[in-house]
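The structure appears below as structure tokens.
Please treat every number below as a calculation from the coordinates, not as lab data. Note that the structure is predicted; figures quoted are calculated from it, not measured. Cβ atoms come from the backbone with ideal geometry, glycine included; neighbour counts cover every protein chain shown.
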Amino acid sequence: MSLSRRGTLKAFLAASPVLASTNALASVRDESQKPFSDLVERTIGDAAPGFAMAIVGSENTVEATRGWAVSPEADLAGAPMTADTRIHVASCSKPITSIALFHVLDERGLDETATLGALLPDRKLHGDIAVLTLAELLTHRSGLVSQASLDDLLQTSPVPPAQRSRQYDNVNFTLLRLVIEGLTGEAYEDRVRRTVLAPAGVTSGHTSAPADVIATSYRLGASTGGRPINFDFAAAAGPYGWYLTARELAQIAQAFSAGKITSLETRARILQREFGWDSNRTPAGVVHCHGGRWIGSGGVGAVSGIAIYPDGRGAGFVMNANSPLGGGDLLADIYSQTTPMIFSYSVPDSGEATIHLTRPVWADSVRFTLDGSPPTSGSSAYDGVIRVPTPGRLTAVAYRGGQPISSPLSHDLKVVRRG
């Protein structure tokens, strides 16, 4: 990405008036903020009933929202999606747990090399679990996998060290929650509220279903048949339990980035070592982020994301539909806006694959081929949907002024013939 593009992007992200939409047509309160609204609209498309995104800086907040948190159907009046709509943020709870853990470690002069056996002396642990370090849990390299119960887990030998690789599993952050409670004597939720949420100005985070509006979750592309996300996740708060808003996710990320929760040195160690956070390396710089995805019965779900931008701003995103789109990756893409990404890929009963792509804001067009050949400025232009009747290989590149401005997206397409 050229310096001029980066400068333009930072310029409109830096504008201070709040932008928001409270209806399904994505209206904006302040026309000066319309470029940001358009950016998010083009990136996400129309596959979800509603979404909300917020970017919080030290002096200003920028928001973009669209659609419904609860679509009007049957006897429901409907409720618009806003940056303050509360939703289950699933695995975006993990970076919050990581921050809370290091706040405790800093207080006690400890670090990530401490072992579970040393930190949980009153717990009956399998010998191979007792020697696991916090760093191994934070990076999903413990060799542990979920078990039927916590007691079963604590007495199960993990994969031997020589055979371990990164294996993402919620159980790692379940154990980190035990460490936080064991070291402090406080309930996990109380500790997080006091040491993470409060410094970020967040006063209403929950791990049980809150009384205020909770977004209904839908299947991708549907605006009816949704189900509310209103479960009590208190027992699973460490890895995936929090109910938060897009604005609150952004506030937490920005406060952490600014050193309001931990020291700047600790913050740097957490992000560099990817302790509960991922690093998305974009042409515009490294975006530290994490995504959450909740999937319910009937294929309904929700997507969320939290990110720290290279300029120190915090970003949060929620969407009330089940999508393979990663919320953290989306926030990184919003910042850099270079490479197209697949937003949804489905094969309905007709057997014809349907593909939606994200749309980079700097692109005049996205050109694609379906035979694996490199797209040129004369290749087919993406117009909102790609329909594929036969197997092939999608290759897509963003163009501006007749020149490619992105790396190619490539994806093998499988089409199922039915009947």
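Potential lengthening of the chain between Asp232 and Ser380 amounts to 48.5 nm, from the contour at 0.36 nm per residue minus the alpha-carbon distance. Going from the residue with the fewest nearby Cβ atoms within 10 Å to the one with the most, Ile355, Ile44 rank Ile355, Ile44. With R₀ fixed at 30 Å, the C-beta to C-beta distance from Gln403 to Ser346 puts the FRET efficiency at about 0.40. Summary of packing: across the peptides 248-256, 158-166, the per-residue average of other C-beta atoms within 10 Å ranks them, highest first, as 248-256, 158-166.
Return the FRET efficiency for the residue pair Ala114, Glu265: r is the Cβ-Cβ distance, R0 is 25 Å, and the value is rounded to the nearest 0.05. It comes to 0.90. Using the Cβ atoms and a cut-off under 13 Å, what net charge is assigned to the surroundings of Glu248, where Lys and Arg are +1 and Asp and Glu are -1? Result for the neighbourhood of Glu248: 0. For the pair Ser146 and Arg194 in one chain, pulling the backbone fully straight at 0.36 nm per residue adds 14.4 nm over the alpha carbon distance. Here r is the Cβ-Cβ distance between Asp364 and Gln167 and R0 is 45 Å; the resulting FRET efficiency, rounded to 0.05, is 0.60.
The stretch 92-156 and the stretch 217-279 have Cα centres lying 19 Å from one another.
Taking each residue as 0.36 nm, the span from Val131 to Ser208 lengthens on full extension beyond its C-alpha to C-alpha distance by 24.5 nm. Across the stretch 203-211, rounded Karplus estimates of 3J(HN,Hα) from the backbone phi angles (6.51 cos²θ - 1.76 cosθ + 1.60, θ = phi - 60°) give 10, 9, x, 9, 10, 10, 4, x, 7 Hz, Gly and Pro being marked x.
Remark: the stretch 122-135, residue by residue, has Karplus-estimated 3J(HN,Hα) of 8, 8, 7, 10, 4, x, 6, 7, 4, 8, 5, 9, 4, 4 Hz, where x stands for each Gly or Pro and the curve is 6.51 cos²θ - 1.76 cosθ + 1.60 at θ = phi - 60°. The string of couplings for the stretch 97-105 from the Karplus curve (6.51, -1.76, 1.60, θ = phi - 60°) is 4, 4, 4, 4, 4, 5, 4, 5, 4 Hz, one whole number per residue in order, with x for Gly and Pro.
As a proxy for reagent exposure, Leu175, Leu409, Leu150 were ordered by neighbouring Cβ count within 10 angstrom, fewest first; the result is Leu150, Leu409, Leu175.
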